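Read the structure below first, then the notes.
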Amino acid sequence: MNNLPCNIDDVKKNGVYFHSFSNWLSHICLCLADGLNQLGIPVFSNIEAQVTSLFRLGKIEGLIPDNAALIIVDIQENEIKKGLAFDLGFFHPRILVFSMSDTVGNFYFGDEIICFCTHENKYYRNSGKRFPWAFGISSFMIEESEKNKADKRRNIILKNFRPSANQDIRNCLELIFLPLLEKHIEIDDRVGNDHFERLASYIGCLAYGGYLAVNLRKNEFFANKKECAAGEKITFLQEPVILRWDSWRFWES
C-alpha cells in the first residue's frame, strides 16, 4: 500500500480518527479500531462506541484534529442512498473511506479517494482506487465463542437467514441445494437470539448470500436512464456476477 497518504510512524505517533455521519460505526470500522488499539495506536472518533468489553472508543468534540495521521470515513447505507451529499475532500488530505454498504459495489467515490470496500468482485470492476475488504472477525465474536464452547457438536446444520431482498443466491440454493441436504442431515431453520450457542453446538452453518448482476447498460432502455448513469464507471469481465456475497455467518462460524 505504497500509495497510502501517510507512513506507519505518523500513525503510531498521531493516531487514527474515525468519522461517522451517523451515530454509530459499522462493524468493519469497529474491528479496525479494535485492532489498532491492541497494537497501541491511538484511535478516536466523533462518536463514542463500546468496541469490546475492555475498550471504548473516545469521542472528540468539534472539528477533525489536524494532526491525525489518518481519517477513516465510515460510509454507510444511508449515505450511499443519499448520493453521498458531501465533499469528502473537505475534511482532510489524509482520508481513507471504508464501507460495507450492501450497495457500495455500485457506487463511484471518485478517482482520488482510496476506498476499502466489502463485497468486491474481480469480475465486476468499479472505477477509482478501490481495495477489497472483508467483514472479518471481531473481538465480540471471539468472546462469544469462548463463552459458548460445547463439549460435543450435534449432527445438525444451522440455517437462520432472515428474509431479505435481493438474495438470488439464497433463493437458488433454497430450490436446488436444501432439498438434497435435508435428505441427509437435520436442519435447524429457527431464527432466534441464541445464535452463538447453536453455532458452537452444531456441526455446521449455512453461510451464503448475494445477488446476480448483469450489465443493464447493454440495453438502450436502461442505458438512457438517469439511475443507471453510475454504470458507466463499471466494467463487467463476466456475466452474471455475484454481488453482496460476504456473510456474517461465515466469519462467526
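Computed quantities for the displayed model
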{"quantity": "Two-site label geometry, residue 103 and residue 27: point separation in nm, points 7 Å out along Cα→Cβ", "calculated": "2.0"}
{"quantity": "Net length gained if the chain between residue 123 and residue 212 were fully extended (0.36 nm per residue, minus Cα distance)", "calculated": "30.8 nm"}
{"quantity": "Accessible-area ranking of 180, 32, largest first, probe 1.4 Å", "calculated": "180, 32"}
{"quantity": "Dipole-positive endmost among 73, 209, 98 within the chain (Cβ charges, Cα centre)", "calculated": "209"}
{"quantity": "Once exposed loop trypsin sites (Lys or Arg not before Pro) are cut out (DSSP; at most 13 other Cβ, 10 Å), longest piece of the chain", "calculated": "1-81"}
{"quantity": "At most 13 other Cβ within 10 Å, DSSP loop - chymotrypsin sites (Phe, Trp or Tyr not before Pro), the range 132-195", "calculated": "177"}
{"quantity": "Accessible-area composition of the chain, carbon plus sulfur, in percent [1.4 Å probe]", "calculated": "53"}
{"quantity": "Loop GluC sites (Glu not before Pro), the range 142-183, which have at most 11 other Cβ atoms in a 10 Å radius of their Cβ (DSSP)", "calculated": "none"}
{"quantity": "Length released on extending from residue 151 to residue 12, taking residue separation times 0.36 nm less the Cα-Cα span", "calculated": "45.8 nm"}
{"quantity": "The chain: calculated mean residue ellipticity at 222 nm from DSSP helix runs of at least 4, using -39500 (n - 2.57)", "calculated": "-6000 deg cm²/dmol"}
{"quantity": "Estimated Rh, the range 107-253: Kirkwood, alpha-carbon pairs, angstrom", "calculated": "18.0"}
{"quantity": "Förster-model FRET efficiency, 30 Å R0, residue 177 and residue 131, C-beta, rounded to 0.05", "calculated": "0.40"}
{"quantity": "Compactness of the chain as Cα Rg over 2.2 N^0.38 Å, two decimals", "calculated": "1.14"}
{"quantity": "Summed side-chain charge close to residue 53 - residues other than residue 53 whose Cβ falls under 14 Å, Lys, Arg +1, Asp, Glu -1", "calculated": "-2"}
{"quantity": "Heavy-atom accessible area ranking, 1.4 Å probe, most first, across 151, 111, 74", "calculated": "151, 111, 74"}
{"quantity": "Interatomic Cα distance distribution for the range 205-246, bins of 10 angstrom, percent", "calculated": "25, 46, 21, 7, 1"}
{"quantity": "DSSP-defined antiparallel bridges as percent of all bridges, the chain, nearest 5", "calculated": "25"}
{"quantity": "Within straight-line cross-link reach of residue 12, aspartates and glutamates at Cα separation under 19 Å, skipping those fewer than 8 residues along the same chain", "calculated": "34, 66"}
{"quantity": "Flagged links, alpha-carbon separation over 25 Å, of 122/218; 147/183; 81/129; 122/149; 81/225", "calculated": "147/183; 122/149"}
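The values are calculated or read from the model by the stated rules, or taken from the named source; none is laboratory data. The structure presented is a predicted model; accordingly, all values stated were derived computationally and were not measured. Cβ coordinates were reconstructed from backbone atoms using ideal geometry, including for glycine residues, and neighbour counts include every protein chain displayed. Ligands, DNA and RNA are stripped out before the accessible areas are found, and what is left, the full protein with its side chains, is counted by its heavy atoms. Shrake-Rupley method; radii C 1.70, N 1.55, O 1.52, S 1.80 Å.
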